[in-house]
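For reference, the structure is listed below as structure tokens.
Bear in mind that the values in this text are calculations on the coordinates, not laboratory data. Only a predicted model underlies this, so the values are computations on that prediction, with no experimental measurement involved. All Cβ positions, even for glycine, are placed from backbone atoms using ideal geometry, and neighbour counts span all protein chains on display.
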Amino acid sequence: MKGRNLTRREALVWELAPSGAMRVPCLLFGSPPLIDAVEEEVLTQLRNVASLPGVVAPVAAMPDTHPGYGFPIGCVAAFDPEAGGVVSAGGVGFDIACGVRTLLTDLDAADVVPVREALADALFARIPAGLGSTGGLRLSDRDMDRMLAGGAAWAVTEGYGEAGNLARCEEGGRMDGADPEAVSPRARERQRDALGTLGCGNHYLEVQRVEEICDARAATAYGLRPDQIVVSIHCGSRGLGHQVATDHMAIMRQAAPRHGIALPDPDLACAPIASPEGARYLGAMRAAINCALAGRQVITHLVREVFAALFPGCRLRLLYDVSHNTCKVERHPTPHGVRKLYIHRKGATRALGPSHPDLPQSFRGVGQPVLVGGSMGTASYILSGTDASPPAAFTSACHGAGRTLGRKQAVKRFPGRGVLADLTAKGISLRAHDLRGLGEEAPQAYKDIEEVVQAAHGLGLAVKTARLRLLACIKG
């Protein structure tokens with residue numbers, strides 16, 4: 001692309017060739033309009049990521065990419081420990097294991113639409129949301145350790161859900177290698193009574209209708225059908241994850257000179273995978289992943305209680321739970337053979353294909369569900385992983401629509417009351433604690449979800465399976 005040093009390699013693939021300190025090229029995935037809209041800051045951040053030690057070619061940007069802290073959102077970067085690779089707290093982000101969990105109901109839209117205002121009220125009253133929100137659980141030190149080590153599996157043993165839910169969670173609902181001792185007292189205190197809360201920002205609980213089935217085979221395997229009601233929960237590790245990132249970014253920045261690492265941006269704070277700082281961060285990050293998994297499991301239990309009260313006999317089954325701010329150890333092909341790599345996905349979703357050995361048994365032959373949230377005024381999507389995914393994507397896909405405006409810009413341009421009125425006029429029942437937050441999340445502040453998903457589909461990152469339309473939403 002003229003003036004930006006981007007070269008079109010394929011219809012939906014663009015290369016940012018190595019220059020300066022870059023060790024590897026970067027690839028951007030997307031249609032010409034999406035690439036035209038990519039901010040210069042994203043390109044700078046990609047160049048910086050491609051300059052880190054032990055990075056494996058290429059650094060990839062998903063179709064929903066936009067600026068972040070250090071790494072851009074929608075970035076996938078792999079690091080080889082045998083080549084001096086690093087782990088970056090900035091490459092995972094502050095909301096560790098932020099992700100989406102989708103629940104399937106046996107209800108149709110006709111069952112819900114007449115009572116959706118009452119449903120929205122009941123969910124809003126039952127699911128704690130908003131900045132600094134607290135729930136009905138207050139964890140002792142012992143329970144905190146067990147939760148950080150056990151994730152959703154711990155929540156199930158405490159009576160929040162069924163053991164069968166765990167097979168439909170990434171990592172089986174529990175991330176191995178967690179080190180609760182690496183989580184600071186301040187991080188623990190921020191989570192003491194916040195488990196099972198939504199928080200604020202772009203986190204939400206949505207009641208959605210299956211508007212269209214795009215791939216009948218995958219939809220049948222997932223248990224999706226036209227006009228079905230589903231519930232999607234989008235949240236992460238709350239204050240604990242934010243504090244883990246804050247704590248370890250400071251440690252990594254201080255240690256960088258000792259490891260011979262020159263950081264082009266302080267937000268790229270990292271440490272060698274084999275170093276004490278790297279190992280301690282990985283232990284704390286995995287504990288934060290378990291915190292997020294446990295939180296979404298508790299929220300699921302609360303949602304089931306609300307639906308049981310309004311729709312006696314209604315069942316809510318878990319489709320899948322997947323995180324999109326993580327660093328995971330995976331095996332991938334490289335020019336030196338298949339290697340164990342540390343895959344940073346920041347605002348990107350793992351998308352395992354039908355034959356991948358790590359895929360849960362129930363999805364063999366169709367691929368992993370990839371849960372992609374749109375904006376409040378547009379559609380969301382369920383995609384399915386594919387074996388046709390290009391190696392450059394490291395089995396990853398987009399995670400949402402992607403912002404076009406920063407939160408401060410959006411608030412100035414879209415007053416919260418106006419956003420509320422617009423969504424109400426579209427028949428969406430919205431409940432929120434903070435009108436300012438609605439301005440931040442105005443639909444106009446996001447990319448076109450249809451174009452983002454079509455690009456992911458066209459690239460073979462994932463296959464369109466079902467489109468969802470919003471009926472009711474709970475926000476902080």
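Normalised by 2.2 N^0.38 Å, where N is the number of residues, the C-alpha radius of gyration of the chain stands at 0.91.
Rounded to the nearest angstrom and listed largest first, the equivalent-ellipsoid semi-axes of the range 152-207 from its Cα gyration tensor are 21, 19, 12. Calculate for the chain the 222 nm mean residue ellipticity that helices alone would give, adding -39,500 (n - 2.57) per DSSP H run of length 4 or more and normalising by residue count, nearest 500 deg cm²/dmol. Result for the chain, helices only: -9500 deg cm²/dmol. Placing unit charges on each Cβ (+1 for Lys and Arg, -1 for Asp and Glu) gives the range 359-421 a dipole about its Cα centre, and among Gln368, Gly385, Phe414 the Cα reaching farthest toward its positive end belongs to Phe414. At q = 0.13, 0.16 Å⁻¹, what log₁₀ I(q)/I(0) does a Debye calculation on the Cα points of the range 212-330 give, no solvent, two decimals? Result of the Debye calculation: -0.71, -0.86. Remark on the range 110-194: ratio of C-alpha radius of gyration to 2.2 N^0.38 Å is 1.36. Please work out whether the range 1-99 counts as rounded, prolate or oblate from its C-alpha gyration tensor, where a ≥ b ≥ c are the square roots of the eigenvalues and a/c under 1.5 means rounded, while otherwise a/b larger than b/c means prolate and anything else oblate? It is oblate, given that a/c is not under 1.5 and a/b is not larger than b/c.
A straight line joining the Cα centroids of the range 129-199 and the range 228-296 runs 16 Å. Summarised as an ellipsoid, the range 80-145 has semi-axes of 38, 21, 12 Å, derived from the eigenvalues of the Cα gyration tensor scaled by 5 and square-rooted, with the largest first. All C-alpha to C-alpha distances of the range 274-315, sorted into 10 Å bins beginning at zero, yield P(r) values of 26, 26, 21, 15, 10, 2 percent in whole numbers.
With N residues in the range 172-273, what two-decimal value do you get for its Cα radius of gyration over 2.2 N^0.38 Å? Write down the numbers at each step before the final one.
Working: Rg = 20.2 Å, N = 102, 2.2 N^0.38 = 12.8 Å.
This ratio for the range 172-273 stands at 1.58.
Against the main long axis of the alpha-carbon atoms of the chain, helix 276-310 sits at an angle near 10°. Axis of helix 416-425 versus longest Cα principal axis of the chain: the two differ by about 60°, to the nearest ten degrees. Entry note: the range 411-476 has Rg to Rh equal to 1.07, where both radii use alpha-carbon atoms and Rh is the Kirkwood radius. When +1 charges are put on Lys and Arg Cβ atoms and -1 charges on Asp and Glu Cβ atoms, the dipole computed for the chain relative to its Cα centre reaches about 360 debye.
Only one residue of Ala308, Ser396, Gln208 has its Cα farthest out toward the positive end of the dipole of the chain, where Lys and Arg carry +1 and Asp and Glu -1 on Cβ, and that residue is Ser396. Working note: Karplus 6.51/-1.76/1.60 with θ = phi - 60° gives the range 203-209 the couplings 6, 7, 10, 10, 9, 10, 10 Hz, where Gly and Pro are set to x. When the alpha-carbon atoms of the range 304-349 are used, the pair Rg, Dmax equals 19.2, 58 angstrom.
Counting each pair of different Cα atoms once, what's the Kirkwood radius of the range 6-54 in Å, rounded to one decimal? Intermediate results must be reported in sequence, preceding the final value.
Values: mean 1/r = 0.0899 Å⁻¹.
Evaluated on the range 6-54, it is 11.1 Å.
Its alpha carbons considered, the range 290-440 gives a radius of gyration followed by a Dmax of 19.2, 58 Å.
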